[in-house]
Amino acid sequence: MAATLTATREQPVRRLWRQATDGIRSTLSVLSYNKVGLVAAWVLAVIVIISFGAPLVVQEPSPDYANIYASPSAAHLLGTDFQGADVFSQVLRGGQTVILVGLVAAAASTFISVVFGALAAYVGGWVNTIITGLADVVLTIPSFPLLVVLAAYLRLNSPILLALLIAAFGWPTLLLAVRGQVLSLKERDYVEAARSLDLGTPHIMFREILPNMRAYLAMYFVLSMTNAIYAQVGLYLLGFAPLAGDNWGIMLNLAWYRGAIFYKNSFWYIMAPIVAISVLQLTMVTMTRSLEEAFNPRLRKAG
Amino acid sequence: MSTVAIPGALAAPQARAPSFLSRVFRNYYVGRLVKALVTVYLVVTISFVVIHLMPGSPVEVYIYNLISLYGIPYNDAKQQAAALFGVNVDAPMLQQYAQYLGQLLRGHLGNSLLSPGTSVASVLLAYLPWTLFSVGLALFISFILGVTLGMLMAYRRESALDHVLSFMGSVFHSIPNYVLGILLILVLGIQLNVINIASMRGSFSPGVVPGVNVYFFLDALRHASLPIATYVLTTIGSWMLTMKSSTTATLGEDYVTVARARGLGDWRIMTAYVGRNAIIPLVTQLAISAGFVVGGSILIETLFVYQGIGYLLNSAIAQRDYTVMQGIFLVIIVSVIVANLLADLLYGKIDPRVRIQSGSGG
């Protein structure tokens, strides 16, 4: 009994994992036609590995009040912050939550968009009316100001909660796109064939239609990661999320409000999170651009 | 506009009944209007609920301040607060909601909780023009510049110009606008000391009297220049790149080849055939980004201490001024919806392929 339970529970997980790795592989193969996109993907991989590896290796920098706002030196590669803590190790450690929130938010909003977008396209009728109507409404809501109000109310201590909150407003664009894709894919011959074989809606959805949208979904996934990171760091900058722990957004907030901008020495203190966030966003935007180029043959370079 | 909000909201769930309602819905403009009103109603409700769920009402804050600062007993402090605010913040939420909607229908936005006696409308009127001025001007500049550069890039594909502009466009498009704002202050204001940041705070210099004259306009422009520069730099990249791909796609269309074969002049082909068609997808984006920029102004205006609606929202949230927050949300949402409606109308005007009657745009 227990064995069958775990078996049935594990199989979808394994299938999901296989589809995810297939997705990454097919994304990379799409990207390999485009050198810039491939470079961006590798840089992103390096950033992710460093961000998730560093907290295990690098100690949390300790304050040293005798040595605040120090300029870069051999001991402190990027100088020290307002309480004398090493900026470089903060940069190394600070990426983890930023990327985690981005990943979770993107995963959640992609999930919502795929499930309900496909549902709207496949079922049609009033289900479609309600889902697209809702998407249109949420699309109009100024998400960032509302997020700020919510963040002030919810006292966001957990990155996951923050991510889900960001995802709650991030799904409509992708949903409408998925709906459009499914609408066009479901008229294709092989889907017609699957339907005439009576393979069932879940099979057609997950085996026939969705796998053909993998690279497309990957593009939107990365895009919604950039949006989530924008919102998250923005919340930290305004100070509406708790300023505890190592995080590029928190670094930016502290460097800005603790007056690092008034000390010429601490230029690199505030530049560190700026460069980190910008490079992260740049690699992801470059990746989405290259994917977009790969989908649209007219944009592809001649020859 | 708000008077029809409630009937609109009731109409939506009945969309199942196919005959009459679907015919009404199939009318493009009615559909758009109903959707817009439903959206306004929903956002008003959502913002009301969210704002009223926030812990720490301004009245409570005031009471606790009285207690801690002056040692006044709780009951006395509460009475003082009630007398000062004149608003029953303790009333059940449903009652407050009904009251709020009723007021809204009569065009009243209520009074600011923190500055008693000041109406929300007057507060909004003092801040809104600055946001509209800076955001509007920035959008205009970046759209025109971006579209021009984008077309240029498409015509000179693979040239050095194309590569440089593409790269810069991607970089500025990826950097979050508030990060770029910090960079501008950091580099221009502090490291290079080219501009005097302190004197550029606010929306105009103290002592300058607002009025219709060149001096005031120049002063306002100087104060808005950093926010505008930030908006332009961060949005121009996406206009350029979108216009480039749109133009590139259009250049491959048969009708362009035919126009060339007919021997039409390059300029005529560029403006009447390529440009006119390539710009279509950007128009809807313009509307969406107008809303986004107004909503995102909270970060930029707070950074530059520019007294627009975003700056107001930030301080209203920090001080828990419910009524002002509600007013701002209403303004933002209405501006987003108006921008969307405008885009739709424009879309129909510039894209002859759009059959307005069919409604669903995809």
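Here is a list: A:252, A:165, A:235, A:161. Which entry is under 20 Å from the mean Cα position of the chain (by Cα) and assigned by TED's automatic domain parsing to the domain that holds residue A:277?
Working: A:165 fails: assigned by TED's automatic domain parsing to the domain that holds residue A:277; A:235 fails: assigned by TED's automatic domain parsing to the domain that holds residue A:277; A:161 fails: assigned by TED's automatic domain parsing to the domain that holds residue A:277.
Matching residue, one of A:252, A:165, A:235, A:161: A:252.
Output the residue which, of all residues in region B:299-316 that are over 14 Å from residue B:331 (Cβ atoms), within 12 Å of chain A (Cβ to nearest Cβ) and of a type in the set (Ser, Thr, Tyr), is surrounded by the fewest Cβ atoms within 10 Å (Cβ to Cβ).
The qualifying residue surrounded by the fewest Cβ atoms within 10 Å (Cβ to Cβ) is B:315.
Please work out which one of (1) farther than 30 Å from residue A:86 by Cα; (2) modelled with pLDDT of 85 or more is the condition residue A:280 fails and give its number.
(1)
Does residue B:36 satisfy the criteria of being of a type in the set (Gly, Ala, Ser), at pLDDT below 65 and either within 25 Å of residue A:130 (Cα to Cα) or part of a helix (DSSP H, G or I) (or both)?
On the way: of a type in the set (Gly, Ala, Ser): yes; at pLDDT below 65: no; either within 25 Å of residue A:130 (Cα to Cα) or part of a helix (DSSP H, G or I) (or both): yes.
No; evaluated as a whole, the condition is false for this residue.
Kindly establish whether residue A:265 is in a helix (DSSP H, G or I), surrounded by fewer than 23 Cβ atoms within 10 Å (Cβ to Cβ), free of Cβ contacts under 8 Å to residues at least 40 places away in the same chain and of a type outside the set (Val, Ile, Thr).
Values: in a helix (DSSP H, G or I): yes; surrounded by fewer than 23 Cβ atoms within 10 Å (Cβ to Cβ): yes; free of Cβ contacts under 8 Å to residues at least 40 places away in the same chain: no; of a type outside the set (Val, Ile, Thr): yes.
No, not satisfied.
Go through region A:48-83 and give me each residue that's of a type in the set (S, T, N, Q), closer than 19 Å to residue A:275 by Cα and free of Cβ contacts under 8 Å to residues at least 60 places away in the same chain. Walk me through it before giving the result.
Looking only at region A:48-83, we keep the residues that are of a type in the set (S, T, N, Q), and these are A:51, A:59, A:62, A:67, A:71, A:73, A:80, A:83.
From what's left, closer than 19 Å to residue A:275 by Cα: A:51, A:71, A:73, A:80.
A:51, A:73 - these are the residues of region A:48-83 that are of a type in the set (S, T, N, Q), closer than 19 Å to residue A:275 by Cα and free of Cβ contacts under 8 Å to residues at least 60 places away in the same chain.
Being under 21 Å from residue B:150 (Cβ atoms) and either hydrophobic (A, V, I, L, M, F, W, C) or not in a helix (DSSP H, G or I) (or both) is the filter here; which residues of region B:253-264 pass it?
B:253, B:256, B:259
What is the one condition in (1) more than 20 Å from the chain's Cα centre (by Cα); (2) surrounded by 12 or more Cβ atoms within 10 Å (Cβ to Cβ); (3) modelled with pLDDT of 80 or more that residue A:67 does not satisfy?
For residue A:67, the exception is condition (3).
Sort through B:96, B:80, B:103 and tell me the only one that's free of Cβ contacts under 8 Å to residues at least 60 places away in the same chain, more than 14 Å from chain A (Cβ to nearest Cβ) and over 29 Å from the mean Cα position of the chain (by Cα). So that I can check it myself, show each step before the final result.
Details: B:96 fails: over 29 Å from the mean Cα position of the chain (by Cα); B:103 fails: over 29 Å from the mean Cα position of the chain (by Cα).
Result of the check over B:96, B:80, B:103: B:80.
Condition (residue is in contact (Cβ under 8 Å) with a residue 12 or more places away in the chain, surrounded by 15 or more Cβ atoms within 10 Å (Cβ to Cβ) and in a helix (DSSP H, G or I)) applied to region B:203-210: is it met by at least one residue?
Just the residues of region B:203-210 that are in contact (Cβ under 8 Å) with a residue 12 or more places away in the chain, to begin with: B:203-205.
Filter once more, keeping what is surrounded by 15 or more Cβ atoms within 10 Å (Cβ to Cβ): B:203-204.
Next, only the ones that are in a helix (DSSP H, G or I) stay: none.
Scanning region B:203-210 turns up no residue that is in contact (Cβ under 8 Å) with a residue 12 or more places away in the chain, surrounded by 15 or more Cβ atoms within 10 Å (Cβ to Cβ) and in a helix (DSSP H, G or I).
Going by the structure shown, is residue A:216 buried (at least 24 other Cβ atoms within 10 Å of the Cβ) and either closer than 23 Å to residue A:80 by Cβ or at pLDDT below 90 (or both)? Write out each step before concluding.
Numbers: buried (at least 24 other Cβ atoms within 10 Å of the Cβ): no; either closer than 23 Å to residue A:80 by Cβ or at pLDDT below 90 (or both): yes.
No: the conditions fail for residue A:216.
Can residue A:113 be described as buried (at least 22 other Cβ atoms within 10 Å of the Cβ), modelled with pLDDT of 85 or more and in a helix (DSSP H, G or I)?
So residue A:113 passes the test.
Can you pull out every residue in region B:147-161 that is surrounded by fewer than 20 Cβ atoms within 10 Å (Cβ to Cβ) and either in contact (Cβ under 8 Å) with a residue 60 or more places away in the chain or at the interface with another protein chain (Cβ under 9 Å from one of its Cβ atoms) (or both)? I'd like the intermediate steps shown before the answer.
The first filter runs over region B:147-161 and keeps only residues surrounded by fewer than 20 Cβ atoms within 10 Å (Cβ to Cβ), leaving B:148, B:152, B:155-161.
Hits for region B:147-161 are B:155, B:157, B:158.
Any residue at all in region A:217-233 that is within 10 Å of chain B (Cβ to nearest Cβ), under 28 Å from residue A:72 (Cβ atoms), touching a helix residue (DSSP H, G or I) at 6+ places or on another chain (Cβ under 8 Å) and small (Gly, Ala, Ser)?
No, because not a single residue in region A:217-233 is within 10 Å of chain B (Cβ to nearest Cβ), under 28 Å from residue A:72 (Cβ atoms), touching a helix residue (DSSP H, G or I) at 6+ places or on another chain (Cβ under 8 Å) and small (Gly, Ala, Ser).
Which residues, taken from region B:230-269, are crowded, with 17+ Cβ neighbours inside 10 Å, free of Cβ contacts under 8 Å to residues at least 60 places away in the same chain and more than 10 Å from chain A (Cβ to nearest Cβ)?
Result: B:256, B:259, B:269.
Pick out the one residue from A:260, A:294 that is in contact with a helix residue (DSSP H, G or I) (Cβ under 7 Å, 6 or more places away or on another chain), modelled with pLDDT under 80 and away from chain B (no Cβ under 11 Å). Steps first, answer last, please.
Values: A:260 fails: away from chain B (no Cβ under 11 Å).
That would be A:294, the only listed residue that is in contact with a helix residue (DSSP H, G or I) (Cβ under 7 Å, 6 or more places away or on another chain), modelled with pLDDT under 80 and away from chain B (no Cβ under 11 Å).
Out of all the residues in region B:162-172, which are within 25 Å of residue B:225 (Cβ to Cβ), touching a residue at least 12 places away in the same chain (Cβ under 8 Å) and more than 7 Å from every other protein chain (Cβ to nearest Cβ)?
Those that are within 25 Å of residue B:225 (Cβ to Cβ), touching a residue at least 12 places away in the same chain (Cβ under 8 Å) and more than 7 Å from every other protein chain (Cβ to nearest Cβ): B:165, B:168, B:169, B:172.
Taking residue B:137, is it modelled with pLDDT of 90 or more and within 30 Å of residue B:172 (Cβ to Cβ)? Write out each step before concluding.
Working: modelled with pLDDT of 90 or more: yes; within 30 Å of residue B:172 (Cβ to Cβ): yes.
Spelling it out, residue B:137 is indeed modelled with pLDDT of 90 or more and within 30 Å of residue B:172 (Cβ to Cβ).
Could you identify the single residue in A:137, A:191, A:178 that is β-branched (Val, Ile, Thr) and away from chain B (no Cβ under 13 Å)? Before the answer, list the steps.
Values: A:137 fails: away from chain B (no Cβ under 13 Å); A:178 fails: away from chain B (no Cβ under 13 Å).
Being β-branched (Val, Ile, Thr) and away from chain B (no Cβ under 13 Å) holds for just one of A:137, A:191, A:178, which is A:191.
Starting from region B:173-190, keep only residues that are under 20 Å from residue B:143 (Cβ atoms) and among the acidic types (Asp, Glu), then list their pairs with residues that are crowded, with 22+ Cβ neighbours inside 10 Å and modelled with pLDDT under 90 whose Cβ atoms are within a distance under 9 Å, requiring at least 6 positions of separation or different chains.
Cβ pairs passing all conditions: none.
The values are calculated or read from the model by the stated rules, or taken from the named source; none is laboratory data. Just so it is clear, the model here is predicted, and its values are computed rather than measured. All Cβ positions, even for glycine, are placed from backbone atoms using ideal geometry, and neighbour counts span all protein chains on display.
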